[in-house]
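Trainee: Structure incoming, see below.
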Amino acid sequence: MSDVNEMTEKKIVRPIEGESYMDIDAISELLLEQSVPENAIWLGNEVFGNVFRYIVRYLERYNASAYKILFTIQFKEEVSSVKQKDGLVCHFREAIQNTLRNSDIMVQVSLNQILLVLQEVNASNVDSVLERMLHKWNRMPEALQVDLDWETQSVSTSHKDSGNGSDYQKEWIVIVDDDVVNLKIAEHVLNKGSMRTTSLRSGAELIDFLEVNEPDLILLDINMPDMDGFETLRRMRENGGNMSRLPVIFLTADDNKKVEAEGFAMDAMDFVKKPFVPEILTARVKRAVRMIRLQNHLEDEVSNKVMENEQMLIHIVQTLATTIDAKDTYTNGHSSRVADYSKEIARRFGYRDEKIDDIYMMGLLHDIGKIGVPDAVINKPGRLTDEEFEQIKNHPVMGARILKNIKEKPKLSCGARWHHEKYSGGGYPDGLFGEEIPEEARIIAVADAYDAMTSCRSYREPMPQQRVREEIVKGRGTQFDPIFADIMLNMIDEDVNYEMREK
């Protein structure tokens, strides 16, 4: 008996010096992806080969598709140091990674090349996927320092993505039913109708399958053991991501209006009665897929137009910021640098993509009110009179007045109005303090002060880095929000060569 107890006890693994181990809880957590970000998996070269071969076997088994995209980064002449190049590649990798799903894989194959393997992407949609990535990257200031080349290729399996007539161009239908006979009948009918099918026996199998696959449509039986069709659909919608959008047609042998009402209330597209009438099953499935594809096409068109408009807006704002900076001989590039620093502070603080983009734009426009300040005042080399200083102090109010007319981005004006407020009070124009000052304005205030100290002015050269750090520490909790001051201090400490300043 004692031998049995010893066998069932948890064994403690003794690590060998120089080796690392995980316990079973850590491994389980990793397999459940509880600690893995919801974007593409990043792999090193040493493990990528094995993973890639496994993916190809998986694609062949499930008749699935995948595409490779190889990005090659060509650095411009001004990018000379290895550190600069590594930094740009890192920025590119992060930008692209944040556009992808957690079923996609990335690997850096050389100093300046990134390879992606994207599952369930084929010739019909690879261009739109690539466009989304490029849009994300081109909105980043680092994109101006490189030229980007790319090539795409289908992942080779026994089912080639060969264009018209290939399985990848067919409607992909997943059938879920615990009855093998029903599965075989539905498979036969849909395959005869030139559709591609995958059959599963339970709701749990479907949930697992959809973690890494995105079919066109799901035929889902209602009456199944353990987890019925309604509960399966509910879990799909709760999971979010692709599962929350996939269209579902329920299969049922019941003629029950209450059941149908419940299914439509859960966003089911249709019901098909069993036993199947082949012509009806085929017609309803094809109609549903056509409707979904049309809807997706329209959504893509709208999304592309929104992307174009956003890109145009960014260019207009960048041009406007350059015009503002040109009024002052000593602030060339000031607005762009403040925008960059603000963006990095926001990212480190935990802002998501859309809010990061918003604060970048706020940073670009924070000094727009200087348009209304006379050039003679802005460029005066000596001490300002009280009247002239009042003109300078009015630029936040004037900037907010200009930006409040942009109804699509109502918060855009807050960075312009309140970036000269002080955390402990006493700033201008409204004398706000602490949490009364909008968060975005508190971020821009630190970035603005940092750039002022690290740039040339008519009355001094850029301040030494240690002096800049001391001034940020001195203003922590008085001029600056302590949280954002600490983030800026971390950025300063990481900048060992003092490169984060006006060039």
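Trainee: Is it true that some residue in region 378-387 is at pLDDT below 95, within 18 Å of H366 (Cβ to Cβ) and assigned to a helix (DSSP H, G or I)?
Mentor: Checking region 378-387: at least one residue is at pLDDT below 95, within 18 Å of H366 (Cβ to Cβ) and assigned to a helix (DSSP H, G or I).
Trainee: Out of I402, I406, I392, I need the residue that is assigned by TED's automatic domain parsing to the domain that holds A485, part of a loop (DSSP other than H, G, I, E, B) and without any contact (Cβ under 8 Å) to a residue 60 or more places away in the chain. Which one?
Mentor: Within the list I402, I406, I392, the selection yields I406.
Trainee: Tell me, yes or no, whether region 420-443 has at least one residue that is out of contact with any His (no Cβ under 6 Å at 6 or more places or on another chain), within 21 Å of M500 (Cβ to Cβ) and not charged (D, E, K, R).
Mentor: Taking every residue of region 420-443 in turn, at least one turns out to be out of contact with any His (no Cβ under 6 Å at 6 or more places or on another chain), within 21 Å of M500 (Cβ to Cβ) and not charged (D, E, K, R).
Trainee: Could you list, in sequence order, all residues of region 274-290 that are without any contact (Cβ under 8 Å) to a residue 40 or more places away in the chain and surrounded by fewer than 14 Cβ atoms within 10 Å (Cβ to Cβ)?
Mentor: V277, E279, I280, A283, R287, R290
Trainee: Take the residues of region 78-120 that are over 18 Å from the mean Cα position of the chain (by Cα) and assigned to a loop (DSSP other than H, G, I, E, B): which is surrounded by the most Cβ atoms within 10 Å (Cβ to Cβ)?
Mentor: E120
Trainee: Scan region 121-160 residue by residue and report those that are small (G, A, S) and either in a strand (DSSP E or B) or closer than 30 Å to A339 by Cα (or both).
Mentor: Of everything in region 121-160, those that are small (G, A, S) and either in a strand (DSSP E or B) or closer than 30 Å to A339 by Cα (or both) turn out to be S128, A143, S154.
Trainee: Can you tell me which of H366, H419 is surrounded by 14 or more Cβ atoms within 10 Å (Cβ to Cβ), without any contact (Cβ under 8 Å) to a residue 60 or more places away in the chain and not hydroxyl-bearing (S, T, Y)?
Mentor: H419
Trainee: So, of the residues in region 447-501 that are charged (D, E, K, R), assigned to a loop (DSSP other than H, G, I, E, B) and touching a residue at least 12 places away in the same chain (Cβ under 8 Å), which turns out to be surrounded by the fewest Cβ atoms within 10 Å (Cβ to Cβ)?
Mentor: Applying the filter and picking the extreme gives D495.
Trainee: Residues R348, R352: which one is exposed (fewer than 15 other Cβ atoms within 10 Å of the Cβ), modelled with pLDDT of 90 or more, in the same structural domain as C456 (by TED's automatic domain parsing) and under 20 Å from the mean Cα position of the chain (by Cα)?
Mentor: R348
Trainee: For region 58-72, name all the residues that are out of contact with any helix residue (DSSP H, G or I) (no Cβ under 6 Å at 6 or more places or on another chain) and modelled with pLDDT of 85 or more.
Mentor: K68, I69, L70, F71, T72
Trainee: What single numbered condition from (1) touching a helix residue (DSSP H, G or I) at 6+ places or on another chain (Cβ under 8 Å); (2) at pLDDT 90 or above fails to hold for E436?
Mentor: Among (1) touching a helix residue (DSSP H, G or I) at 6+ places or on another chain (Cβ under 8 Å); (2) at pLDDT 90 or above, E436 violates only (1).
The values are calculated or read from the model by the stated rules, or taken from the named source; none is laboratory data. Quantities reported herein were computed from a predicted structural model and do not represent experimental measurements. Cβ: placed from backbone, ideal geometry, glycine included. Neighbour counts: every protein chain shown.
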